[in-house]
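The values are calculated or read from the model by the stated rules, or taken from the named source; none is laboratory data. Everything numeric here is computed off the predicted structure, so don't read it as measured data. For neighbour counting, all protein chains shown are included, and Cβ atoms are generated from backbone atoms with ideal geometry for every residue, glycine included. These accessible areas exclude ligands, DNA and RNA; they are computed on the full protein's heavy atoms, side chains included. Shrake-Rupley method; radii C 1.70, N 1.55, O 1.52, S 1.80 Å.
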Amino acid sequence: MSQTSDNGDHGDHRELVLDEVRRYHRDTAPDREFVPGVTEIWPSGAVLDEQDRVAIVEAALTMRIAAGPSSRKFESAFAKRLKRRKAHLTNSGSSANLLAVSALTSHQLGDRRLKPGDEVITVAAGFPTTVNPILQNGLIPVFVDVDLATYNTTAERVARAIGPRTRAIIIAHALGNPFEVAEVAQLAEEHDLYLIEDNCDAVGSTYDGRITGTFGHMTTVSFYPAHHLTMGEGGCLLTSDLGLARIVESLRDWGRDCWCEPGKNNTCFKRFEYQMGDLPAGYDHKYIFSHVGYNLKGTDIQAALGLAQLDKLDGFIEARRRNWRRLREGLDGVPGLLLPEPTPKSDPSWFGFVITVDPEARFTRAELVAHLEEHRIGTRRLFAGNLTRQPAYIGRPHRVVGDLTNSDVITEHTFWIGVYPGLTDEMLDYMTATIKEFVAQHG
């Protein structure tokens, strides 16, 4: 039988399959009726539509199961969107953080490389995978406290933490709310420090009119379902420093020196002309390794979903902002609650709505959270709270500058509820009413 092109029988067959996928999506769409106290309200989640389902199936039909054209297309589009020169897809946002810190230890940076025992400034109240790569690379985390209004640290705290062994700063924009990133970037420049922005919760946020992720030497993003865009799993590291980008690519791709894309050969036109290390001259460049690396790549099916999601990013960001405002206005003035505030000069693309129960309130965080969960309103802690109190970090080398009073308050009294685009006004108003009802009962 003769082969046919995608423009012939195969293309027609593919369209029939995709039409069936569209029909399947519409036929199996869940009942979206909201029943207060019965329908579960998640604090986060992916918003997936017919276009997303079709994108996954269409990518699967190509049988391109490793990274390929969709991955390259997404990397190019996402780098353009975040105004960075290079983007590298990874299998998670946590892996992106690992690559970012590990890249700074590369021998290819010469005297600028980070060495074991060097210090990296970060915050005590956050998610572990911002901090783990510091320890995993033999570096010393230097912890600073945060403010309770913004849940971010300040440039002043960072400045006080800079010491003779400080070489880098890695901080996350807390729940989408930017930290004072322009001022911290200025400190990094003045003291010749690397700055990594963990932008996993903050895609689309701006500080002083400039999008987050554009201030540091590198920035990281997560595509876990809770985040602004999803690939199911996945992440991305972005930079405009082409030297760092090359190191990141090597570390992500087993540590190899070759930069050919999967399925490509001899991009450099001298594949068998290298002599590196103690290898014989002419050793195949595809199998020369210049770093002790990992395999942290994503797949083309993930990237195809990411491309479909990227088309909806502006709507997702606006929905998160709108939902946050509705909760903030609805809960304004409720006694016993410390409500969040945007960092001055910022316009956050919110990840969640964070609430701290006043330690002097007539009720506790645990009691309020139990009430919400009983009413099918999902809650989450502000991640790990004070990391220095977590069992994984007790006894690990670190330094603390100042006290961690607010990080301890967060550990005891703070939680957050959702603002993701899948929430409706009816759900948000029910969340507000349920909180007010509880507080009134304890007045």
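Below, the figures for the structure above:
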read-out	value
Which listed residue is among the aliphatic types (A, V, I, L, M), without any contact (Cβ under 8 Å) to a residue 12 or more places away in the chain and at negative phi, from A29, A66	A29
Of all residues making up the stretch 295-309, the number that are open to solvent by 10 Å² or more (accessible area, probe 1.4 Å) and in contact with a Phe, Trp or Tyr (Cβ under 6 Å, 6 or more places away or on another chain)	2
V334 within 29 Å of A155 (Cα to Cα) and touching a Lys or Arg at 6+ places or on another chain (Cβ under 7 Å)	no
Test: residue in the stretch 257-273 that is open to solvent by less than 50 Å² (accessible area, probe 1.4 Å), out of contact with any Lys or Arg (no Cβ under 6 Å at 6 or more places or on another chain) and either under 16 Å from S95 (Cβ atoms) or outside any loop (DSSP other than H, G, I, E, B) (or both)	no
Number of the condition not met by R64 [criteria: (1) within 29 Å of R165 (Cβ to Cβ); (2) assigned to a loop (DSSP other than H, G, I, E, B); (3) out of contact with any Pro (no Cβ under 9 Å at 6 or more places or on another chain)]	(1)
Residue, modelled with the lowest pLDDT, within the stretch 13-61, restricted to residues that are part of a loop (DSSP other than H, G, I, E, B) and of a type in the set (A, V, I, L, M, F, W, C)	A29
Given (1) closer than 30 Å to V439 by Cα; (2) open to solvent by 50 Å² or more (accessible area, probe 1.4 Å); (3) aliphatic (A, V, I, L, M), number of the condition A392 does not satisfy	(1)
V357, sole failed condition from (1) touching a residue at least 60 places away in the same chain (Cβ under 8 Å); (2) closer than 17 Å to N406 by Cα	(1)
Residues of the stretch 130-151 that turn out to be surrounded by fewer than 24 Cβ atoms within 10 Å (Cβ to Cβ) and within 17 Å of the chain's Cα centre (by Cα), as a count	1
Selection from the stretch 390-414 of residues that are among the charged types (D, E, K, R) and part of a strand (DSSP E or B)	R399
Cβ-Cβ under 7 Å pairs, at least 6 apart or on other chains, the stretch 308-330 side within 20 Å of I355 (Cβ to Cβ), far side polar (S, T, N, Q) and open to solvent by 10 Å² or more (accessible area, probe 1.4 Å)	L327/T432; G330/T432
Residues of the stretch 200-210 that turn out to be out of contact with any helix residue (DSSP H, G or I) (no Cβ under 6 Å at 6 or more places or on another chain) and farther than 9 Å from P178 by Cα, as a count	4
Residues located in the stretch 139-162, provided they are basic (K, R) and either in a strand (DSSP E or B) or over 28 Å from I355 (Cβ atoms) (or both)	R160
Any hit, the stretch 102-121, residues being hydrophobic (A, V, I, L, M, F, W, C) and over 20 Å from the mean Cα position of the chain (by Cα)	yes
Some residue of the stretch 72-85 being modelled with pLDDT of 95 or more, among the aliphatic types (A, V, I, L, M) and either farther than 16 Å from G216 by Cα or out of contact with any Lys or Arg (no Cβ under 8 Å at 6 or more places or on another chain) (or both)	yes
Flag for I417 being β-branched (V, I, T), open to solvent by less than 10 Å² (accessible area, probe 1.4 Å) and assigned to a helix (DSSP H, G or I)	no
Condition check for G378: crowded, with 19+ Cβ neighbours inside 10 Å, modelled with pLDDT of 95 or more and small (G, A, S)	no
Qualifying residue in the stretch 278-287 (condition: under 20 Å from C236 (Cα atoms) and assigned to a loop (DSSP other than H, G, I, E, B))	no
Restricting the stretch 85-116 to residues that are assigned to a loop (DSSP other than H, G, I, E, B) and open to solvent by less than 20 Å² (accessible area, probe 1.4 Å), the residue that is nearest to S240 (Cα to Cα)	L104
Number of positions in the stretch 61-81 that are of a type in the set (A, V, I, L, M, F, W, C), within 22 Å of T214 (Cα to Cα) and buried (at least 20 other Cβ atoms within 10 Å of the Cβ)	2
Per-region count, the stretch 420-441, residues within 20 Å of G352 (Cβ to Cβ), part of a helix (DSSP H, G or I) and of a type in the set (G, A, S)	1
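Residues checked against (1) free of Cβ contacts under 8 Å to residues at least 24 places away in the same chain; (2) among the aromatic types (F, W, Y); (3) surrounded by fewer than 24 Cβ atoms within 10 Å (Cβ to Cβ); (4) not in a strand (DSSP E or B):
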{"site": "P164", "(1), (2), (3), (4)": "yes, no, yes, yes"}
{"site": "I170", "(1), (2), (3), (4)": "no, no, no, no"}
{"site": "L187", "(1), (2), (3), (4)": "no, no, yes, yes"}
{"site": "A202", "(1), (2), (3), (4)": "no, no, no, yes"}
{"site": "T214", "(1), (2), (3), (4)": "no, no, yes, yes"}
{"site": "V221", "(1), (2), (3), (4)": "no, no, no, no"}
{"site": "P225", "(1), (2), (3), (4)": "no, no, yes, yes"}
{"site": "G232", "(1), (2), (3), (4)": "no, no, yes, yes"}
